[in-house]
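Notes to accompany the following structure.
The values are calculated or read from the model by the stated rules, or taken from the named source; none is laboratory data. All figures in this text were calculated on a predicted structure; none of them were measured in a lab. Quick reminder, even Gly has a Cβ in these numbers, built from the backbone with ideal geometry, and neighbours come from all protein chains shown. The protein model used for the area step is the full one, side chains on, heavy atoms only, and it has no ligands, DNA or RNA in it. Shrake-Rupley method; radii C 1.70, N 1.55, O 1.52, S 1.80 Å.
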Amino acid sequence: MADASRVDGFLGGLKTLKADFTQLIESDDGVTYSQKGVFYLSRPGKFRWDYKGDEGQLIVADGKRVWLLDRDLEQVSHQSQEIALRGTPAQLLADEAGVETHFTVIDSSSDGGIEWTDLAPKETESQVEVVRIGFSGEQLASLEMKDKFGQTTRFIFSDVKRNPQLERELFKFVTPPSMDVWQH
């Protein structure tokens, strides 16, 4: 029987997290795009996805707004965190509410040494259809999400550190000069 105990167990006592990640985006026509970076989490409500490279994106949630810096397009966009995170893996990790507050558990399985829990967002406006969270032992190993457009985004984590000391500045966004700013 599928339940949220594995995910709730991991999230229990989690205050901060730091991990390297590889992000793979697979479209329904089989095209795959890959990026790497570092993920930082400070619960409740703050995170940072820092993509590597001169044109890599930076996503910062400061507890109120989610900021997206697109270096390639030289623009910053931001929107309410409550709206931006609905039904996403980021909501699952950043929110201190229990898993079943925002998600319905639909399956549990094991594959290749990874224990998976599959979740469906309760939020009907979410662009995400399914979130899969995978653990290797007690460690977060992978997050996957499939959206309503048939695209699957997979994060594979390595060098995961649970409850490290993190600088508060990581979760503050300052708009670089000469960037266009868009509010959603």
### Task
Residue by residue through the range 131-155, note down the ones that are out of contact with any Leu (no Cβ under 7 Å at 6 or more places or on another chain), more than 16 Å from ARG48 (Cα to Cα) and aliphatic (A, V, I, L, M).
LEU140, ALA141, MET145
### Query
Scanning the range 1-14 for residues that are in contact with a strand residue (DSSP E or B) (Cβ under 7 Å, 6 or more places away or on another chain) and more than 16 Å from PHE155 (Cβ to Cβ), which turns out modelled with the highest pLDDT?
LEU14
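A quick yes/no check of all residues on (1) without any contact (Cβ under 8 Å) to a residue 24 or more places away in the chain; (2) in contact with a Ser or Thr (Cβ under 8 Å, 6 or more places away or on another chain); (3) part of a loop (DSSP other than H, G, I, E, B):
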position	(1), (2), (3)
GLU82	yes, no, no
ILE106	no, no, no
ARG132	yes, yes, no
LEU143	no, no, no
GLN165	no, yes, yes
VAL174	yes, no, yes
### Task
Count, please, the residues in the range 7-50 that happen to be assigned to a strand (DSSP E or B), within 21 Å of TRP116 (Cβ to Cβ) and without any contact (Cβ under 8 Å) to a residue 12 or more places away in the chain.
1
#### Entry: Unmet criterion (only one of (1) part of a loop (DSSP other than H, G, I, E, B); (2) of a type in the set (Gly, Ala, Ser); (3) open to solvent by 40 Å² or more (accessible area, probe 1.4 Å)) for GLY56
(3)
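Got a sec? Which of ILE106, ILE83 is modelled with pLDDT of 90 or more, among the hydrophobic types (A, V, I, L, M, F, W, C) and open to solvent by 40 Å² or more (accessible area, probe 1.4 Å)?
Details: ILE83 fails: modelled with pLDDT of 90 or more.
The unique qualifying residue is ILE106.
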### Query
How many residues, within the range 18-39, are closer than 18 Å to PRO89 by Cβ and either in contact with a Lys or Arg (Cβ under 6 Å, 6 or more places away or on another chain) or of a type in the set (S, T, N, Q) (or both)?
8
#### Entry: In the range 109-127, residue least open to solvent (accessible area, probe 1.4 Å) [restricted to those that are within 23 Å of ARG48 (Cα to Cα) and at pLDDT 90 or above]
LEU119
### Task
Take the residues in the range 129-184 that are closer than 26 Å to ARG65 by Cβ and of a type in the set (Phe, Trp, Tyr), then tell me which one is modelled with the lowest pLDDT.
TRP182
### Query
Based on what the data block shows, is PHE155 open to solvent by less than 30 Å² (accessible area, probe 1.4 Å), in contact (Cβ under 8 Å) with a residue 40 or more places away in the chain, out of contact with any Asp or Glu (no Cβ under 6 Å at 6 or more places or on another chain) and in a strand (DSSP E or B)?
yes
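Name the residues in the range 136-153 that are over 21 Å from THR16 (Cα atoms) and charged (D, E, K, R), would you?
Initial filter on the range 136-153 (over 21 Å from THR16 (Cα atoms)): 145-153.
Correct list: LYS146, ASP147, LYS148.
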